[in-house]
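Asks: Have a look at the structure that comes next, please.
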Amino acid sequence: MKKVIRCLCMIALVALTITSCKKNETKTTFTARTQKLVYEGETNRAFIGDDEYVHFETGDVCMVYNINNTNPSRSHCATYEALETGSVVTFQNCGLGEIAGEKMDAFFAYYPGGYGKMWTELGQGENKTKFTIDPEQDYRLDATSGQLLTPLHDFPMFAKVDNVAQLGDADFDFMNIFGVLQLQLFDPNGPTVVKKIEITDNTFALTGQVEVNIPAFGNNYDEFISAVDNYNSNPNQWNAWKNSVGLNMTNQGNTITLNLPEEGVQIGTTQATSTSFEIVLRPLALSQGCSIKLSFADGSSKTIDLVYNYMIKPNFVRPLGFNLANF
């Protein structure tokens, strides 16, 4: 992402090709917009794109739901793909099925929705979805501009539309569910080449499969943000919100790895020339401390242990700078 049917459940989604969506004769489209990121700090800003928005990329896939609250067996979903790259793009029906007929209670869209990323429980008569948080992400730079990009397909977002009758009339404003850790590294004893970065949270699972009730989550975004903001003073608010949306996480892991290019990435030698690395993380990550392991091209490594609260919040970029000579 430059920086986004009746559902046949997992069987249908597994049948989707990994590469690109199969085009149907009927091609419903809608407009989607992403949310502007908030940067915590003003130095060494390194955003996705040049406009501080997450960007969809051509071919990005989201899952769209037509939800019936009182009779979930009537709810249905389908995959849609982005036709261009940017923060405002058109999505077109792709893969298996289509959102047919008029809106029931609301349309919801979740990103990413491609192969292996998302599946639903609509076939079991429940308005639930699951999405995967992968244990590995890939470092990326724009080949033309050299701009740092967030890892592709690892930035969960959702949107809700209930003010139109047909999907083709919808404008989806996607809201960010996760945040970004932006490491800013330098080493005055360089040149230093980093080959891999591993983030291990002391308390919270960073990876796994996340299950939520689609309309309950989509209707309570403000409560979600409030529960995160107030977690340190009132963790019970988070627990209450989690229960209200049926949030459940399985196959959990506490470590996320950022894979770097084969040749590694050489970092700067001063704070002014520090090199940035971006890792997408779930909300509440790093709030109870973490360790950051850096592996270098010469075979050595360093581990930075953090005991303070560096909480990741939805839609926020959290910068953390380190002079590696101090570790």
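Asks: With the structure loaded, tell me whether Asn44 is assigned to a strand (DSSP E or B), more than 20 Å from Lys128 (Cα to Cα) and modelled with pLDDT under 95 or whether it fails that test. Spell out the reasoning first.
Replies: Values: assigned to a strand (DSSP E or B): no; more than 20 Å from Lys128 (Cα to Cα): yes; modelled with pLDDT under 95: yes.
Judged against the criteria, Asn44 is not a match.
Asks: Condition (residue is over 20 Å from Asp138 (Cα atoms) and either of a type in the set (A, V, I, L, M) or buried (at least 20 other Cβ atoms within 10 Å of the Cβ) (or both)) applied to the range 255-270: is it met by at least one residue?
Replies: Within the range 255-270 (the criterion being over 20 Å from Asp138 (Cα atoms) and either of a type in the set (A, V, I, L, M) or buried (at least 20 other Cβ atoms within 10 Å of the Cβ) (or both)), the answer is no, since none of the residues qualifies.
Asks: Checking Ala205 against (1) within 17 Å of Ser287 (Cα to Cα); (2) open to solvent by less than 60 Å² (accessible area, probe 1.4 Å); (3) in a helix (DSSP H, G or I), which single condition isn't satisfied?
Replies: That leaves (3) as the condition not met.
Asks: For the range 208-223, which positions are among the polar types (S, T, N, Q) and surrounded by fewer than 16 Cβ atoms within 10 Å (Cβ to Cβ)? Full working, then the answer.
Replies: Filtering the range 208-223 for residues among the polar types (S, T, N, Q) gives 209, 213, 219-220.
Of everything in the range 208-223, just one residue is among the polar types (S, T, N, Q) and surrounded by fewer than 16 Cβ atoms within 10 Å (Cβ to Cβ), namely Gln209.
Asks: Do you know which residues across the range 306-327 are closer than 23 Å to Val228 by Cα and outside any loop (DSSP other than H, G, I, E, B)?
Replies: Going through the range 306-327, the residues closer than 23 Å to Val228 by Cα turn out to be 306-320.
Matches in the range 306-327: Leu306, Phe316, Val317, Arg318, Pro319, Leu320.
Asks: Looking only at the range 271-327, count how many residues are in contact with a Lys or Arg (Cβ under 7 Å, 6 or more places away or on another chain) and under 18 Å from Gln137 (Cα atoms).
Replies: At the first step, the residues of the range 271-327 found to be in contact with a Lys or Arg (Cβ under 7 Å, 6 or more places away or on another chain) are 283, 294-297, 301, 303, 310, 312, 324, 327.
Applying the additional criterion that residues be under 18 Å from Gln137 (Cα atoms) yields 283, 294-296, 312.
Residues in the range 271-327 being in contact with a Lys or Arg (Cβ under 7 Å, 6 or more places away or on another chain) and under 18 Å from Gln137 (Cα atoms): 5 in total.
Asks: Name the single residue that is nearest to Asn234 (Cα to Cα) among those in the range 269-327 being among the β-branched types (Val, Ile, Thr) and touching a Pro at 6+ places or on another chain (Cβ under 8 Å).
Replies: Ile312
Asks: Right, something else. Looking at the range 189-200, I want the residues that are under 10 Å from Ser295 (Cβ atoms) and open to solvent by 50 Å² or more (accessible area, probe 1.4 Å) and have a partner that is assigned to a strand (DSSP E or B) and not hydrophobic (A, V, I, L, M, F, W, C) with Cβ atoms under 6 Å, at least 6 apart or on another chain. Which pairs are those?
Replies: Lys195/Ser295; Lys196/Ser295
Asks: Give the residue, chosen from Ser295, Ser226, that is assigned to a strand (DSSP E or B), open to solvent by 20 Å² or more (accessible area, probe 1.4 Å) and at pLDDT 95 or above. Spell out how you get there, then give the answer.
Replies: Working: Ser226 fails: assigned to a strand (DSSP E or B).
The match here is Ser295.
The values are calculated or read from the model by the stated rules, or taken from the named source; none is laboratory data. Please read these numbers as outputs of a predicted model, since none were measured by experiment. Cβ atoms come from the backbone with ideal geometry, glycine included; neighbour counts cover every protein chain shown. Accessible surface is based on the protein model in full, side chains and every heavy atom, while ligands, DNA and RNA are left aside. Shrake-Rupley method; radii C 1.70, N 1.55, O 1.52, S 1.80 Å.
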